[in-house]
Each structure stands twice: as structure tokens, then as C-alpha cells.
């Protein structure tokens, strides 16, 4: 089996064992190492970038250490400096060193026995993630005791458990030795420290691995075939140990014999492959690698670009720079639209769903807007926007066309042609740094990217001189520069996955991930390579068997594909596709949430991480699970209550927002990602004074004048989460404002109605089921509180405080709390015998009254009469008459019960219960009274056996009393 | 000046505490006495009171070893007994001479209880003090100052005004709670959590009060009650204001008027001397005891940082900073630092184990932390609570004069005092008698069958045509006076029912 025999599978160790540099990290560090050494990214950058002092935490330190281990002497100084900075947290650090230097669980588990137990979980998560051998943090419910963690993993039938356990069992002594050796020397980090111990440990682990190789192989095989192609395969590929962004094997093969070229029609999300007389199209909206293409006949001739109309009835082909041919699929008609060849040439064209036109030609002399007359079967010119254009970019996703002009091509005008009408953006200039005094760089079309994130439009401009990626945000009537991102490569590409911005540093072969929602320009995690997942011979084999139709050329191609990640032939398509033109394969870029966050899951920015997770839509279920796991972990680690409270606030606020917008229950189906789940606060931040003032500097006129309108646009995005803003154009759409604050005369306003908008939104809803990552209070109960309750046994007051904070969060968001949460709280308080507090909670209705709570109180009240009474009172107040009467009788208050039963007409309690209770009390008068009561009020009671029995008892009691 | 010379006014009340285990031999009887009020009563009189009491206790013990003697009703006097600790007794002798002296024995006894439990909270058990210093000087001086300070709260003019029939719609020894909405309650809880997190990992307790009402606490019921009582006496904004104004107003008024505090100054020295004279040379002793007088008036004040400060507990040796007050917890007998933070109506009392904080430096660090982390939240909570608070008459129910007691939780709620004064004397006296009866009935039920609570319902039409109602249901008690009621019993029952449904969640409506 390939996996384990391969020289460096992620879980095994390098057999080389050379004395100078042990390479247990090889799998983990290799990617970084190559990125660091083989590219233009200097090592020192890694350290300084990943370990900024203020956010200095475990993950970044780890990166530093990895690099250090990788023998870059330059890095040493930097690392040491950081390490010194990190000294206050030495125990954790030491654990981490132990844990990571060996890159194996074993050492962590063993070495960490001397660390605080709660850290163990942390480490386990991290290392599992980094070893690429888990895909679910949730599997480890974190106990602080390794046995339990392992036990839990076993429960979940986790594939590698047995292996890990075996390693733990067999090598714990060696691991401990190594661990203690390292920890003894901390913080003096040296190269090759504890080498002897390490080699011993390594050999031990290798032996275990060899011994168990066969077993593991089977497990893996089973996984791969059984579980289609999910992330279970993650560690089958050698190089993916560290990556948060991946492309999943197999790709969509857009390959037809004799195809000349590939085009992407982003209006319809089609990949078009051309043969001399045919066009094949693959739908990419629902990314399915096995999708079969459909085809249309076309006439022969040169094709510069080709696009279907949005209703797919027309096909437009640009034949030359002067001619566009339009073919009607239904009728088969063809006609051509030409321009004056002497004065202008066609740069391109696109179809639009704008109400006033159907197709737009972009020419060097300006834009021509045409409608297609169904009767006349011809294009009619509607409008011309005169302007000289050097080049243009358009994305259908944003409906935005940016027209570049000027010597340096850095003056821009833009139009948004959405279903709501045409909006003209103010003219703006992009900033470019000058390399020397006299040379002016020219901006190229491929250096400008339009992206859509959280329903906002941004433009990214790659400034090659300054090595910056400048970020512009489009408002309705202003374009505001919003900072810039650093670039480490001469060639970059940009994709957006699930509203997360990925900047591919093509030469460094790494991806940097940004979430530009909160205006922070700090990457979410360290730069890591894009990896190919699911590719191995095993999967190729299975692939073959499952899809025999797809031809035999794959395996040959694959090796090439793997090598050419970020090859020259890669075209990045909006928003998240990669077209490998040479191989004709289309890859979809995905984000591994777990990997990008897992490491920092326990760091101090929990709140930010949770907010980030809550904004995820594509992998919402995982985001949800991760969110809950994070909360669970921080509770288990006894993090300060306010911190946990803030974390819960974030999640519940997101949930309440999701409820309001309906995206939670509906499992909304949207083609594009809607910003409906965006927390308000963060939106508010984006329009801070600094932004405005900055923009004032650049464009004093437009911004100062239209400051109010500017704000109103933001207000739109803030307030109107309810409208599914699948279309980014909405942001620029004044109609959403409900007419208020319409900026006068800024641009042509069409006064469109909300109806139009909504209809367009619904039209665009398609496929791609997404759900919200929101976590309901019930989820909290079942995934957070209930699982940890046993473990937190000794720390009831902490847990109580946490739950109380949870209740506060819920009441803040006006959410209904899952009743069992209250029951749990009662249990905890009663277990700790904190009856006074429990009473207070009940009296103040912090614990809302319900039957479940009442029953729990009665149960807990066995030791405490007052608590029992509280339970009874709740029963009475909730008018649960039957239970209440039954309780009274059971407690011997049968007369009261009887009175109550009569008053509230409770007839469901058997008379014999009352009689029995009265008999037990040995009071003949009372017994007689009860007997009389039933005789009077229940017809036919006198003839029942009960009556006779107890009548006799009365007589007996009487005689005994008198006697 | 001789403000409390014997001739001036015959003291209508005598209060003594004695230890049956002391002074067993002839001629040593004086050693029994731990405290006697009035202190200037001739020794022989003191001894005769104690002799009578001891005799009765010994006698009744023959018949009822567990609960010997509770009260003696004589023609002119009433002796109320209370065994505070094993063999340590408090006896209160009150004279029945004027028309105002109609009282409930239970109300008087609860005064004795209060004295003792407060004393224990500050000084620890009396028995422990006695054992600590067998000569008795320590315990006597503690008791003396403590009880005199305590009694000063009852003084009106030169007389002691003990709870009488006018207080029959009041229950001594209970908490009054603020009714808060769920949201506010959660907010308070969150504040408590925050405070606890300021203290750190050590177990600490807190009590949150608004005005003189309890909002939330995690103390045990007994400790809550003691601390609450103390807070109402000395710490709440009202108490602070009272303390501050009492002095000024007293000064302004006639100097000839016997200010109690003045009297205390005079008598105290003589009384203490008296004890010392009878036992030990006084000279050294008096300064050996670090006397802490937690009930001393006007000693608490609000500092700039919002924390209440006092020099009752003395000042630190090498600085002028006052020492942090300490109290003992009843249940765990743990010594705790007491920190009280006040913001307008809100008073938050935090109890931190002495063992967990390193002296006053630790305390000031803790204070700093609280101010940094929690003061904003307290501000918010105060705002929320005061918005929801209906003011002094918040719990007034028009047409009703009531008292609600939850015996299980030591909680009571009553018509505001201002409204109770509108009742006629007849009604109040009658109610007092009714309550006396109910007390008897309760005591009897307790002996009869333990564990089972008896439901009682009494409706009485008094001479002045007012309805007096008492209802006891499952440990909860409701007393009501309806003066403007119609004549039928049905009316009274209906009124009770309505009240029960609307204000007590139907707790008192059984049929």
C-alpha cells in the first residue's frame, strides 16, 4: 500500500534519521520550508509576519520553530527574540515545543503529563490537525486526560485510534524522556537539542508503525472507497499536512477531442469548450466533477470570446475585434453586429439582466448598450456611453464593469448594470507607486480584480512596484480605498470562497487567507500551500472503477497536474474556480475551516474566530460544529467567565440574526452567498470615521457632499439583512432604502421597486444548498453543556456561572432557552447543595418555570424540603393539577389534595390513593371524611370495592381508638 | 451630667445574659453575669433577676429538658427567655405598665436572637470567648459595647422602644426582598459572576442589595439574614444617611435631652469599671482587648472609590489606612473580609476568605480590580433596578394592610410602614393578639407532629369592625387587616383569595 510505504507519509517518520537534523517534522514543515526557502518569501518574514508580538500565540510560535528546525540560521535570532517574549507562558510553550518538535501525538501526550491537564486537549487538537489525521475536533471532547480523549476517539470509531494508542502505549517511556529533556531546557532553544532522546523515540515510533502498517492500510482503504472523497482522505496525500485551502480531486474534466480552447461564461457559470463546429458547455454552478456537457453547433470561424445570453437562448460569439455574431438557438437565425473598424474596436461584450438593455459591447470608444428584439431578431442600440477605454474588466457576479483609461490605465469609471438599473460609479484613480522618477508603470487588466465579499463590492489592485494589493470598496457614489494587503510574489491570483478572500501567491505557491469583513488586514492564518486532496493511487483506482466513461488519460495527466499547482496554465475564475487550460480540468477551491482555525481555536481571539465561523455559509454545518467545539473547549479549560460569555454572545447574536432573517430555519438556497447572517456591529465598524476621512483626502468633493448618502448605503446593508442580498448590485441600490436619503442627482436613478429586486433575487436562487452556521440554544445544550457536565463535576460554580451567562445572552437576544438547560442548572445547583441560590434562581425566574424544571426540583428536593416545595409551587402555578394533587397525596397532605382536586375539578387521581393516605395517617375522622367525600361526589362509588374496604377500615380504626 | 441616673427614669426594660456554668459556688454568683442592662442597676437587683431566671430554668428543665422555659408572664412584668448557646441564657424583662406595652413574646425573643446572631457574626461564639479567657473580661467588654450599640437603635428619646403591637405587621429576623424581573435578575447574576471572577479562584460570597431590599446572594440563609440585618442597620444608603444626619440633628436639638450616645459614654466606663472592680484590677485589662464595635453609629462612610469604609476595625499599624472589616460565617465558621461597594441605591457586599487574601494590600488590589472590571456593570445594574423599582410604597396594595412571611426562606414582605400607621390602635392590638395565638398554635403543631406543616385559617371580626385574617399554608404565613370591609365573612374570604391570586401566585388559596 502506497501510503505507508511512501517515504514521508504524514503520520510516519522520516526513516533517514541523519544525525544533523532529525526530520520528524518533515511532513509538517516541508511545505513551509519549501515556501520559505524556495520562494521569494524570506524566512524572517515568516517569523515576523506570523508572530507579531501582539498576537503572538502558539500557532505562530510553532511556525517559527518549524523554520528554526529547518535550519535557517537567519531565522534563529528572530525566533529567539520571540521566544523571549513568550517566556511568561513557559509551561504552555514547553508543551508546545515538545508537542510540535516531534510532530507526533505520542510525545505530546506523554510529555504533557507535566503540563496543566487542560492544555493537553489543546495540543491534541493542534497536532491532530497538523498531522492531517483528523477532520473533526469534535471527536475529542477534551478531558485533560489522555486516556479519556483516546477513549472518546475510539468511541467515534476513529480510524487511527488504535495506532495512536499503540504508539502511546509502546513509546510512552521514550516520549516522556524526550519531553522532559526538552522541557528541562526550555526556554533555551537550541538546534538538535535532546537529539539522543529524540532518536530513541523516533525509532520506537517507527517500529510501532511498521508493525501496524498492514492494519492501517486496510483502514485507509476502507475509508477511501467507503467515504466517497471527503476529507477522510486528507492524509493520504503526502503534501497536504499543512493547508487550509485545497482543491479536491477529481477535477471536472472539460476535455473534448479536438477542442481548441476553453472559455468561461460567468454569466451562466458555464465552461465552454470549442471544437471547430461545436461548443460544449459544462455547468459549474453546482460543481459536479462528473457532469456531462451539453453541446451546440456553431459555425466555423475564429472565436475571440463566446457567451450565452442569460436565458441561454442566444449565443454571442466575438469573431473579430469588429464583429460579434449572435445565434438564436430556437430559430437558428444568425446575424452579426459590427462596428466601424477604422475608429474603434470591440474589446469585449457581456450579457446583462439590466431592464433597459440585454447586451453590452465594450469598445475602445465607449460602451454600446443594445436590446435584443424578439420580433425583429436584431440588436437595437439603446444607449451609448462615450469614453475612451484601454481595457475593461467585468464580472457577472458583481454586474460591474470597470473601464480603464489614461496613460497608465489607472483612471477608472465603472457602471453597474444590475436588474435594478444602471448606476454610474464616480470616476476614480488607482494609486500606483513609482519605481523610479521617470518611468510610470502601466496597470494591466490582470492586475485588477473585482471581488464580492459579504455582499460588498471591492476592487483589488495589484501594485507590482510597491508589492501591495490595494483594496477599494465601492459605495453607491464613492470609491474608498480601504488599506492594502502585502504581496510576496510577482504573480498573484485572487479567489473568494465563502466570502473569504484568498490571495494566491503564485510564485511562493502559498495562499494567504483574509476575512476582510471586520476591516482587519491581518490574515486569518499563516500562509500555507494550496493542496490537492483526494489524489492518490488508491483513489485513482477507485475513481477508475466508478467512472469508466471518463477516459483513460487521467492517471497520466495527474502526475502533471500535481506538479503544476499554480502552473502558468492556471486561470482563476470568479469566484472560486481554477481552470487548468493545458489539461482542460476545472478545480474548485475549497476552504478547510478546521485547518485554518483549529490551531488558534484556543487562543485569545476566540470571539473573532467565532464571528468568522458564523459568517461561513458554504460549510455551515462544520462551522457550526467547530463553533460549538470551541466553546466547549474554552469551558473545559476554565477560561475566565467573561471570555466564555463573549463567545456565547457572538454565537447567540448570530443565531438570533439568522432567525430574524429566516436563514436558519429555511436552510436558504442561494446561488451566491448572502450576507444575511452578518452581525450588525461589525458592519458599523466599516464606516468608521477614519475611512471617511481617508476618502475625503482622496476625493474631497464627492465624499463630503454625499457623506450622508454614503452612510445610507451602509445603513442598507446593516438594516436589511432580511432581504436576501444574493446580488451585490443591491448594495448600490437606493431602492432598498425605502426612498429615504436618496442622494440627489448623483446618478441616474431608476426608481426601481423592491418587488423587482426580490424577484430577481428569487430567480437567482438555485441549487447549492447552504445552511446557516448559527447555533441554537438547543445546540448549546446538546453539544456544549450536556457533554461537559460530568467532567465539570467538581466545578459546579464555574459551570453555573457559565450557564447563567448563557441565559443572559439568550435573554439579551430574546431567545427561548431549551428547557433542559434549566433542568441541568437545577441539577448542578442541587448537586452542590446550593439550595439558597437555586431558590433565588427559581423565584426570580432566571430559571423559567416548566414542567421539566418542576419535576427536577421535586427529584432534587428529596434532600431538601424547600426545594421540593418550589417544585410543587411551579406545578400549581402551571396548572398541572393532576401532578400537583398526586404530589400532595404522596406527601400525606390528602385533605389539602382533596380540596384542591375539588376546586380545580381534578378527577384523574384514583380515590384509593387518597383513602390509602388517610388510612396510613390513622385518623378515623379523616378517613371517614375522605370516604364521605368520594361517596358524595363520585356517582357509584358506594358500590365500589374501595368503598367497602375502607368502610371497614374506618370501623376498625374507630374501635381501636375507642378501645 | 448624670443623664441616666437612676432617679431620672426607671428603666422599663432589663436585659441580661448569663452563663450557667460559671459562678457555681456560693458568693461567686456575680461571675455568672456576662451582661446586664441597665448596667447601673445595683448588683443585688441584678443578682435577683438572674437568680429568679436560673431558678425557673432549673425547675422547668425537670419537666422539659429540651425546651425549659420560654416566658414568664407576671402581673407587672414579662420575662422572655432565650438560650443563645448551651447554658448561656438571655433574659429580657419588660414592664407592663403603660398602654403601649402590649407585645408579642415572639417579637421580643427575635430581638434577643438578633443580638446573638449578629454578635456571633462579628465576634464568634460566646462560649468560645468565655473559654478563651476564663476570667470573663474579654467577653464582657465585647458584649457590653455590642449590645449597648445594638440597643441604641431602639432608643427613642431616653427610652427604649421595643417592638410592640404597632409592629405586628412586621416580622423581625426576616429578609425583605426586591422583586425583580427576569432580565434584571439575570443581569444581577451576571454581575455576581463578574465579581467572583475578580476575586479569582477562591470561593467567595456576595450579597446584592437595592435600597434596603435584598436582590441576590449566594450565602447560606442564616448568613444572609445576619449580613442583611447588619447592612440594613449600618450599610445601606438609608442607614448611611441616617447615621450622618442623626448626629447633626441631635447636636442641634437640646443638649439637655439625653442623647443615648452620650449616655453610653458615661455609663460604659462606669459599668466596665464596675466589672473590673469586682474581679480584676482594671488598669491593664482595658487596653488589652482590641475592641471592635461594629454597631457603632456613624462609623461607615462612602469612600471616593465607591467602597464603604470604616475605622471600626482599627487602622493598620504603619499606615493610616483603616483595616478591612471581617466577619465569621455561620456555617463554615470561616473568617471573611467584608467589602461593600455602593453606587446610589445599589450595595454590593463581597465576602472574601481571609485566608485567601494577603492582608490589606491584597484587599486594595482586589478593590482596584473590582473598580476596573465591574464598576460599569454595577452602574448598569443599578440603573436597571432603579428603573424597575416602585419606590417606598412599591409593595403597597391598596385596601390591604398585610404581612407575608415565608418561614422557610426567612423572607417577609409587608405593607409599607407609612400605610400601616393609618390603622387604628384597636386593629393593631387585636392583630397582635391574633398573632400571639398563631405563634402558640405553630409551636404546638411543631411539637405535635414534626415535619408536617399545619394549615391554619383564621378570620376575626374585631370590635371596630375590621377584619383580621391569618392564613398559614405550607410554611407560608399571611396576616391581613381589612378595616373598610363589609360585614360578611364571604367578603373577607374573597379579599384574601384575590390577594393570594394576584400577589402570591395563589399560594394561599386552597379552596
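The values are calculated or read from the model by the stated rules, or taken from the named source; none is laboratory data. Since we're looking at a predicted model, the values are computed, not measured. So basically every Cβ, Gly included, is an ideal-geometry build from the backbone, and we count neighbours across all protein chains shown.
Descriptive notes on the structure:
- Within the range B:201-216, the set of residues being surrounded by fewer than 24 Cβ atoms within 10 Å (Cβ to Cβ), modelled with pLDDT of 90 or more and either at the interface with chain A (Cβ under 10 Å from one of its Cβ atoms) or part of a helix (DSSP H, G or I) (or both) comprises B:214 only.
- Residue under evaluation residue B:188, criteria (1) more than 10 Å from chain A (Cβ to nearest Cβ); (2) under 13 Å from residue A:844 (Cβ atoms); (3) in a helix (DSSP H, G or I), criterion not met: (1)
- Verdict on residue A:913 being surrounded by 15 or more Cβ atoms within 10 Å (Cβ to Cβ), within 14 Å of chain B (Cβ to nearest Cβ) and either modelled with pLDDT of 85 or more or not in a helix (DSSP H, G or I) (or both): no
- Subset of the range A:802-852 (residues that are in contact (Cβ under 8 Å) with a residue 60 or more places away in the chain and within 8 Å of chain B (Cβ to nearest Cβ)): A:805, A:808
- All conditions but one from (1) over 16 Å from residue A:423 (Cα atoms); (2) within 36 Å of the chain's Cα centre (by Cα) apply to residue A:398; the one that does not is (1).
- Matching residues in the range B:99-134 - criterion: being surrounded by fewer than 17 Cβ atoms within 10 Å (Cβ to Cβ) and either without any contact (Cβ under 8 Å) to a residue 12 or more places away in the chain or in contact with a helix residue (DSSP H, G or I) (Cβ under 6 Å, 6 or more places away or on another chain) (or both): B:99, B:128, B:131, B:132, B:133, B:134
- Among the residues of the range A:893-910, those identified as more than 7 Å from every other protein chain (Cβ to nearest Cβ) and either part of a loop (DSSP other than H, G, I, E, B) or out of contact with any helix residue (DSSP H, G or I) (no Cβ under 8 Å at 6 or more places or on another chain) (or both) are A:893, A:904, A:905, A:906, A:907, A:908, A:909, A:910.
- Failed item in (1) crowded, with 20+ Cβ neighbours inside 10 Å; (2) free of Cβ contacts under 8 Å to residues at least 60 places away in the same chain; (3) out of contact with any helix residue (DSSP H, G or I) (no Cβ under 8 Å at 6 or more places or on another chain), with residue A:462 passing the rest: (3)
- Yes/no for residue A:959 being within 12 Å of chain B (Cβ to nearest Cβ), more than 60 Å from the chain's Cα centre (by Cα) and on the phi < 0 side of the Ramachandran plot: no
- Unmet requirement for residue B:240, which otherwise passes all of (1) facing chain A (nearest Cβ under 10 Å); (2) at pLDDT 80 or above; (3) surrounded by fewer than 22 Cβ atoms within 10 Å (Cβ to Cβ): (1)
- In the set (1) buried (at least 20 other Cβ atoms within 10 Å of the Cβ); (2) within 14 Å of chain B (Cβ to nearest Cβ); (3) in contact (Cβ under 8 Å) with a residue 60 or more places away in the chain, residue A:775 fails one condition alone, (2).
- In this entry, residue B:404 passes the filter for residues that are within 14 Å of chain A (Cβ to nearest Cβ), closer than 20 Å to residue B:103 by Cα, within 24 Å of the chain's Cα centre (by Cα) and not in a loop (DSSP other than H, G, I, E, B).
- Single residue of B:427, B:450, B:486 found to be over 26 Å from residue A:888 (Cα atoms) and at pLDDT below 90: B:486
- Residues of the range B:146-174 that turn out to be in a helix (DSSP H, G or I) and in contact with a strand residue (DSSP E or B) (Cβ under 7 Å, 6 or more places away or on another chain), as a count: 2
- Within the range B:408-439, the set of residues being surrounded by fewer than 19 Cβ atoms within 10 Å (Cβ to Cβ) and either within 14 Å of chain A (Cβ to nearest Cβ) or not in a helix (DSSP H, G or I) (or both) comprises B:408, B:410, B:416, B:421, B:422, B:424.
- The listed residue being surrounded by 22 or more Cβ atoms within 10 Å (Cβ to Cβ) and within 14 Å of chain B (Cβ to nearest Cβ), out of A:630, A:635: A:635
- When residue B:233 is tested against (1) buried (at least 18 other Cβ atoms within 10 Å of the Cβ); (2) in a helix (DSSP H, G or I); (3) within 11 Å of chain A (Cβ to nearest Cβ), only condition (3) is not met.
- Candidates A:590, A:585, A:603 - the one that is modelled with pLDDT of 70 or more, more than 20 Å from residue A:259 (Cα to Cα) and surrounded by 15 or more Cβ atoms within 10 Å (Cβ to Cβ): A:590
- The set of residues from the range B:455-476 being within 14 Å of chain A (Cβ to nearest Cβ) and at negative phi comprises B:455, B:456, B:457, B:471, B:472, B:473, B:476.
- Qualifying positions in the range B:60-88 - surrounded by fewer than 17 Cβ atoms within 10 Å (Cβ to Cβ) and in contact (Cβ under 8 Å) with a residue 60 or more places away in the chain: B:87
- Screening the range B:354-376 for residues that are within 14 Å of chain A (Cβ to nearest Cβ) and buried (at least 17 other Cβ atoms within 10 Å of the Cβ) and picking the one that is nearest to residue B:332 (Cα to Cα) gives B:370.
- Number of the exception - residue B:198 against (1) closer than 27 Å to residue B:373 by Cβ; (2) modelled with pLDDT of 90 or more; (3) within 14 Å of chain A (Cβ to nearest Cβ); (4) in contact with a helix residue (DSSP H, G or I) (Cβ under 7 Å, 6 or more places away or on another chain): (2)
- Strands (runs of 3 or more DSSP E) fully within the range A:333-388 that include at least 1 residues being over 24 Å from residue A:405 (Cα atoms): A:334-338, A:366-373, A:378-386.
- Residue list for the range B:175-185, filter: assigned to a loop (DSSP other than H, G, I, E, B) and facing chain A (nearest Cβ under 7 Å): B:180
- In the range A:853-875, the count of residues that are more than 8 Å from chain B (Cβ to nearest Cβ), modelled with pLDDT of 85 or more, assigned to a helix (DSSP H, G or I) and within 35 Å of the chain's Cα centre (by Cα) is zero.
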